[in-house]
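Shown next, in structure tokens, is the structure this report addresses.
The values are calculated or read from the model by the stated rules, or taken from the named source; none is laboratory data. Nothing here was measured: the structure is a model prediction, and the numbers come from that model. Positions of Cβ are generated from backbone atoms using ideal geometry, with glycine treated the same way; all protein chains shown enter the neighbour counts. Please note that ligands, DNA and RNA were not included when accessible areas were found on the heavy atoms of the full protein model with its side chains. Shrake-Rupley method; radii C 1.70, N 1.55, O 1.52, S 1.80 Å.
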Amino acid sequence: MKARFGMKRLSPLMALLLTLAVTGVGLAQTPLPQPMGHVNDFAEVIPADVEAGLEDSLRQFEVDTSVELAVVTIPSLDGAPIEDYAVRLFQQWGIGKKDVDNGVLMVLAVQDRDVRIEVGYGMETYLTDGQVGRILDTQVLPELGQNNYALGILKGMKAVAETIKTSDYQPGAVRPRPPLGAVAPFLVAALFGIVYLASFLARSKSFWLGGVLGAVGGAVLGWVWGGLWPIIALPIGLGILGLLLDALLSSAYTHQKTSGRPTRWASTLGGFSGAGRGGWSGGKSFGGFGGGRSGGGGASRRF
Amino acid sequence: MGKLVALGCGGVFLVVLVAALSLGLYVRSTYNGLVERSQAIDAQWAQVETQYQRRFDLIPNLVEATKGIFQQEQEVFGRLADARARYAGATQPNQRAEAATQVESALARLLVVVENYPALRSQENVTQLMDELAGTENRISVERQRYNERVQVYNNTVNRFPSNMIAGWFGYEARAYFQAAPGASVAPKVQF
């Protein structure tokens with residue numbers, strides 16, 4: 001019963017930590033939508049089959065070149081300049097690979113009749129403002145002028161992709177990482193596995209062993225890693241993690257035991273079954289963009 | 001009883017130790033944060049100056065492409081050349097910023113003029129130059145805005161309690177925001 005009480009105390013804390021992690025720093029501006037894929041037809045001006053086809057092409061283009069192209073249609077900008085909206089959305093979504101910044105975003109604001117192609121930092125040399133303006137003038141505007149939104153977007157993205165392919169753009173090389181830095185996540189993961197195992201095996205006897213083990217293991221790992229921060233942060237972090245995990249597993253065990261349900265590993269989903277409600281919401285097939293940045297490059301037009 | 005007292009002493013010692021350690025860590029992280037944020041501001045200002053330079057590099061091309069067409073706009077070109085020379089001669093960042101803002105109104109005027117000349121608008125190289133110029137103006141406004149955001153983050157640390165005490169000990173002062181010249185805050189927009 002003691003362990004179960006502990007569990008009840010932990011839940012709100014964990015909820016609070018999660019909330020803080022998710023909210024982060026938010027500026028008081030109009031909220032931005034979440035990305036649904038490469039094509040985000042929030043204004044619903046692209047027929048479903050065209051949208052699916054474009055999504056496939058843009059995904060394939062990313063596979064071939066690592067360049068992330070995104071399309072967004074919105075009904076209205078609510079008075080904001082399209083340049084501001086595009087650069088904010090670009091930053092929030094992180095279009096393009098991190099540090100390579102090889103993303104391109106096309107924004108269409110239907111009611112404002114504004115269109116913009118925003119170019120990531122890393123693509124500015126291969127897709128200049130002048131070229132973007134020309135693509136808008138020759139490919140996009142003639143179609144948008146006749147309210148052929150889908151065709152204008154298709155032709156625009158096709159021209160963008162062709163311009164990149166015919167430029168001397170090379171898919172960004174993968175940067176080598178420092179040697180221990182590459183192994184460290186695995187070491188932490190292995191240690192976590194040991195903590196978990198100990199927590200699981202000792203869940204009927206203690207609800208703190210995992211924490212102690214985590215702290216000790218973290219101290220050793222921090223010492224091997226070197227530097228002041230790993231030595232301080234790893235024992236504390238892994239200690240708290242182990243404590244949480246053990247408390248969770250122990251309370252789950254008590255719950256299963258008192259309600260007469262099985263407590264073996266396989267039949268309790270690794271010991272978590274009985275640990276109360278919650279769990280992770282199912283993800284979509286779109287994995288998100290890579291964390292690229294832009295700095296206002298590109299061109300805008302009114303149609 | 002003696003055992004209990006020893007346990008209590010140990011507990012108090014532990015609490016004091018943890019408190020001292022966390023205070024030390026707090027000072028350390030606040031100080032390092034100030035250093036980092038201050039350097040981030042300088043790095044961001046370098047971004048702004050990169051875009052200023054890009055703008056100045058574009059001007060000769062623009063002048064070349066449009067000069068023959070409007071003789072009556074010589075005054076605009078003169079102002080542009082003036083500000084450009086002043087920018088090149090400036091040694092202090094705030095002098096450069098001043099010269100850069102002076103160029104802004106002249107450029108905005110030039111863009112308006114070009115828009116009023118259909119013969120000019122239809123020339124592809126002029127359109128392209130105008131796009132490059134508008135793109136640069138937009139880049140400048142984006143980088144300036146990011147500069148101000150970084151100054152805001154830094155100033156929060158400098159001004160808020162208790163980190164303001166640490167900033168005071170180490171002589172870190174609030175930094176000035178970038179303020180665009182009146183009328184120059186809106187980047188000119190090209191609409192053909």
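Numbers for the structure displayed
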| read-out | value |
| --- | --- |
| In the stretch A:122-136, the residues that are within 9 Å of another protein chain (Cβ to nearest Cβ), closer than 16 Å to B:ARG139 by Cα and touching a Ser or Thr at 6+ places or on another chain (Cβ under 8 Å) | A:ASP129, A:GLY130, A:GLY133 |
| Residue identified as among the hydrophobic types (A, V, I, L, M, F, W, C), within 14 Å of chain A (Cβ to nearest Cβ) and more than 30 Å from B:GLY168 (Cα to Cα) among B:VAL76, B:VAL142 | B:VAL142 |
| Search result, residues across the stretch B:108-133 that are within 12 Å of chain A (Cβ to nearest Cβ), open to solvent by 20 Å² or more (accessible area, probe 1.4 Å) and not polar (S, T, N, Q) | B:ARG121, B:GLU124, B:LEU129, B:GLU132 |
| Set A:VAL224, A:VAL183: member being under 26 Å from the mean Cα position of the chain (by Cα), among the β-branched types (Val, Ile, Thr), modelled with pLDDT under 75 and surrounded by fewer than 19 Cβ atoms within 10 Å (Cβ to Cβ) | A:VAL183 |
| Residue among A:GLY103, A:GLY94, A:GLY156, A:GLY79 that alone is modelled with pLDDT under 95 and among the small types (Gly, Ala, Ser) | A:GLY79 |
| Tally, over the stretch A:88-119, of residues that are closer than 12 Å to A:ALA299 by Cα and within 12 Å of chain B (Cβ to nearest Cβ) | 6 |
| Odd one out for B:GLY2, checked against (1) closer than 30 Å to B:PRO162 by Cα; (2) at pLDDT below 85 | (1) |
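Residue by residue, here is whether (1) crowded, with 24+ Cβ neighbours inside 10 Å; (2) over 22 Å from A:LEU54 (Cα atoms) holds:
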| residue | (1), (2) |
| --- | --- |
| A:ALA109 | no, no |
| A:ILE117 | yes, no |
| A:THR128 | no, yes |
| A:ARG134 | no, no |
| A:LEU141 | no, no |
| A:GLN146 | no, no |
| A:TYR149 | no, no |
| A:GLY156 | yes, no |
